[in-house]
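Trainee: Starting off with a structure, shown below.
The values are calculated or read from the model by the stated rules, or taken from the named source; none is laboratory data. No experiment lies behind these values; they were computed from the predicted model shown. Note that we place each Cβ from the backbone using ideal geometry, even for glycine, and neighbour counts take in every protein chain shown. When the accessible area is computed, the model is the full protein with side chains, heavy atoms only, and any ligands, DNA or RNA have been set aside. Shrake-Rupley method; radii C 1.70, N 1.55, O 1.52, S 1.80 Å.
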Amino acid sequence: MPRIPAAEAGVGPNGLTRRMFVWLIVALMVGLMLGALDQTVVVTALKSVSEQLHGLSMQAWVATAYLITSTISMAVYGSLADIYGRRKPYLAAIVIFVVGSAMSAFSQSIWELAAFRAVQGLGAGGLVGMPSIILSDVLSSRERGRYTGYILSVFGVASLIGPLIGGALAGQRDLLGIAGWRWIFLVNVPLALVALVIAAKAITFPYERRGRRIDSWGALTLVVAVVPPLVLAQQGSTWGWTSGRSVICYAVTVVGLAAFLAVQFKMGKYALIPLRLFRIGLFNISCFLNLSLGFGTLGAFVLAPLYLQVVLGESPTAAGLVTVPWMVTSIAGSSITGRLMLKFGTYRLVTLVGFGMSTVSVLLFATATPHTPLSGIVLIMAFMGLGIGLCRTPPTVAVQNVVSPQEIGVATGSTRLFQMMGGTLGTAVLLSVVFGLVTDKATSAYAAAMRTGPFNRLLTDPAVLADPANRRFVQTLTHQGVAGLNLNNPSLLTGLDPRLSAPLLAGYADAMDVAFLISGIVLAAGFVSGFWFKDVPLSRKAGNQRRAEQAGGADGNGAAAAQPAAPEPARHTSAADDAAAAGLKPDN
């Protein structure tokens, strides 16, 4: 276990012993693992689950429902954490997740499963979004990056073992008298109960409830504003981006966003996402950094295993194992960032380096071809993971460092909302680009191949056509063209003569190159915006300590006086100075 700072050794404002701090970290990691692992496990097994529930064509809604509720609820949990403290919302998130898991396990139809997965998502939003808020209470901004990196490493572990668990359980016809796929959800129950017990024991530090209203109308209008683009991101390529349903989504989004802004303006300081946060330059930049990071890296991370399986012909297991270097270097990058933030109290340079490395690695993917060696892909993945690890934590910690300690929850939830939105949109948009372009790219490749004698002779070669897979492929290609092939199912390449599949592989590679290029452009935009990412020295005091000082300095009317939050002798002497440097106007 790394060195425990003074605040965790029992002498800080929260009185946490080393043992209690370790329990707290374990509770947060187990909870976060539940949320992250559930998503990777279900995605792997979704096809088998949908077939058994007779809803294969509707399987996308199972994933969409979960993504929608988990994304939106992050902002809600941030607001609730500022009102009721950290313990109650986090425990509630675990309970909701357990209930949603149990309900999903006993679904009788694909629509029931989608509805119950939405309940699961409501809990997952708290499991994923709350840890960084809770850590802000017991760790200073300087120390926080170090432990945040450790906790976020569970995403890498989940991406590695999730597909293995999902595939194994989905492949079981029966396990203890229950269908194998139902255990995908049932295994969450005991793990979540363990997390509930540990969290109830560990999250005991005090929090004074704030006298503010819950912005229920803000939450409702946020749903109206955010749900349509998330649905469109998942379904747009199927519906058509200019279809009637897509146009309705565009219109509802605009109306919902206008209503949300109107409600937030009216609610003022009680808003779900107070609009005055957007007057903070650092908050705006952090939201954009998280949005671009989510879009660029998660989209590219999803495309990389697909590239390995389709273009390079690797097995799903091998494609999954190639993510191991990404996971290892991502954890290493987070650890390096945390140590640099702890030692120097700054974050801007490491953020720029991380975004630069992520951009370069994705653009390198865009230059890959079917002849690129696997070792080259592994190096690119490792380079990408290191870049992501370096720049993943600073945007959130920077925002927590400059906002009022009473608004850390809502500010953190808002930035996390942008990251989740970016990841969801990036994954959906980039996959839509790939499968939208591959037909044209492959058609051009086959047209060029058919102008050559060797390929034409291949299409009539009895030895080639003796294989049923080759014969079906040639018949479809000859009579219907590339448009007749089910390109959304890359398994059609399995068992084909490599000479027949070569033009199609080239089409996939060209389409993925375009998607990686888009991902690189988005990350490059994040890199450029990083030059406006102000380097405010990080506080040496935990959130609870800052709140206690403000409460102690309140006058008779309850207005808090300016209190030193993070003395930095060389540059800043008070929280007000740090806030002013970040563009934050002090509360009146």
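Trainee: Within 10 Å, count the other beta carbons around each residue, average over each peptide in 372-378, 513-519, 238-244, 224-230, and list them highest first.
Mentor: Details: 372-378: 14.3, 513-519: 22.4, 238-244: 12.1, 224-230: 20.4.
Answer by packing, highest mean first, reads 513-519, 224-230, 372-378, 238-244.
Trainee: Per residue, how much accessible area does region 360-502 have with a 1.4 Å probe, in Å²? All intermediate terms of the calculation are to be shown ahead of the outcome.
Mentor: On the way: 5730 Å² over 143 residues.
Ligands and nucleic acids excluded, the result is 40 Å² per residue.
Trainee: Can you list residues from other chains, or at least 5 along the same chain, whose modelled amide H is less than 5 Å from the amide H of residue 140?
Mentor: 542
Trainee: In whole angstrom, how far apart do the alpha carbon centroids of region 511-546 and region 445-477 sit?
Mentor: Taking the Cα centre of each part, region 511-546 and region 445-477 sit 49 Å apart.
Trainee: Spelling out what I want: for every residue of region 366-376, take phi, set θ = phi - 60°, compute 6.51 cos²θ - 1.76 cosθ + 1.60 (Karplus), and round to whole Hz; glycine and proline get x.
Mentor: 5, 9, 5, 10, x, 9, 5, x, 4, 4, x
Trainee: Can you pull the semi-axes for region 306-371, root of five times each eigenvalue of the Cα gyration tensor, sorted largest first, whole Å?
Mentor: On the way: eigenvalues 194, 45, 5 Å².
Three semi-axes, in Å: 31, 15, 5.
Trainee: Right, here's the next one. Could you run the Karplus curve 6.51 cos²θ - 1.76 cosθ + 1.60 with θ = phi - 60° over region 278-288 and give me ³J(HN,Hα) per residue in whole Hz, x for Gly and Pro?
Mentor: Computed from phi, the couplings for region 278-288 are 6, 7, 8, x, 5, 5, 4, 5, 5, 4, 5 Hz.
Trainee: When averaged across all projection directions, what area in nm² does the alpha-carbon convex hull of region 328-456 cover? List each step's numbers first, then the result.
Mentor: Details: hull surface 41.8 nm².
Average of the hull's projected areas for region 328-456 equals 10.4 nm².
Trainee: Given +1 on the Cβ of Lys and Arg, -1 on the Cβ of Asp and Glu, and no further charges, what dipole in debye does region 401-473 carry about its Cα centre, rounded to the nearest 20?
Mentor: Numbers: 6 positive and 4 negative charges, 59 e Å.
In debye, rounded to 20, region 401-473 gives about 280.
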